[in-house]
1. At 7 Å along Cα-to-Cβ for each site, give me the label-to-label distance between residue 28 and residue 14 in nm.
2. Taking only DSSP H segments of four or more residues, each worth -39500 (n - 2.57), what value at 222 nm results for the chain once the sum is divided by all its residues, to the nearest 500 deg cm²/dmol?
3. For residue 66, list the lysines whose Cα falls under 25 Å from its own Cα; do not include residues on the same chain fewer than 8 positions away.
4. Need one number: nm distance between label points at residue 41 and residue 103, each 7 Å from Cα along Cα→Cβ, rounded to one decimal.
5. Need the list of aspartates and glutamates near residue 60 for cross-linking: C-alpha distance under 17 angstrom, and skip anything on the same chain fewer than eight residues off.
6. Go through 22, 213 and list them by solvent-accessible area, largest first, probe radius 1.4 Å.
7. In what order, largest first, do 144, 127 sit by accessible area if the probe radius is 1.4 Å?
8. So how much accessible area does residue 259 have, in Å² to the nearest 10, using a 1.4 Å probe?
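The values are calculated or read from the model by the stated rules, or taken from the named source; none is laboratory data. Everything numeric in this text was worked out from a predicted model, so none of it was measured. Glycine also receives a Cβ, built like all others from the backbone with ideal geometry; neighbour counts cover every protein chain displayed. For the accessible areas, the whole protein counts, side chains as well, though only heavy atoms, and no ligand, DNA or RNA atoms are used. Shrake-Rupley method; radii C 1.70, N 1.55, O 1.52, S 1.80 Å.
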Amino acid sequence: MIDPKTDDVEALIREACETFIMPRFRALGEGEVVEKDGPMDLVTVADREAEVFLTEHLEKLVAGSKVIGEEAVSQGLTSPDLLLEDRDLWLVDPVDGTYNFVQGSDRFGVMVAFLRGGETVKSWIFLPVEDGCVIAEKGAGARLRGEPSAPRRGVPFSEATGDYSKVYVDEPHRSILDAGVARSAGTHQGRCSAHGYTELARGIQDYFVQYIMTPWDHAPGQLIVEEAGGRFALMPSGERYTPVPRRNQPMLITGDAAVWEDYAHQLMAG
């Protein structure tokens, strides 16, 4: 079995950004933004064109592999149910943080994961505005521009800062989590998994609360966070996240695995 070379995938991601995404940043024209399921759930011509490009080229890197892309799923062209099969798969989020991208915020990124046997074995999160790519390989750590990731360690919850976009959370979980995050040192609504996960790995924040269980939003970040020494698990059970179709539910990600239990208790105490 052939493993994709990390440099080859990064080069494809960069080409997609240079060709389809960055020329539209703060320059989207009329008709180039469409609502999917509501005003916060958007797709642009940049999302769709970048995903088509990445799908074609990633599938060529590994014979027999298939791409599950966010936009292809939304158009009914493929299905997350492929994740239940034992095959080589790619998960692609061509513009993670599309709402931010449309608003002209630099909090967006491109996320790609390569899965073999149901496990994410390589992942890439590219942040176009800062021209930085975080790359992780199972058992080999996570790196940004070749430097090892450096999450914060041992931070008490009362001093911890996090990312919690409550707009995506349904009741009764929203009220519970609203009360829980208030016990920490503060949160912001980043609305971008690509930035949230890389900020954990880089020690910029301490925890990240997620709720929408779309696998392309989580598989790339999971490998990066876990390879950096963090923990990625569902609340309140503590079950480790795996990239399969799931119902929406609270999930806590910490840059330091040792604090997960305490943070989860504080968040779910109501």
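1. Spacing of the two 7 Å Cα→Cβ label points: 2.7 nm.
2. -8000 deg cm²/dmol
3. Qualifying lysines at Cα under 25 Å: 5, 36, 122, 138.
4. 1.9
5. Partners found: 3, 7, 8, 10, 15, 51, 88.
6. Values: 22 65, 213 10 Å².
Correct descending sequence by accessible area is 22, 213.
7. Per-residue accessible area, sorted high to low, gives 144, 127.
8. Spelled out: residue 259, probe radius 1.4 Å, area about 20 Å².
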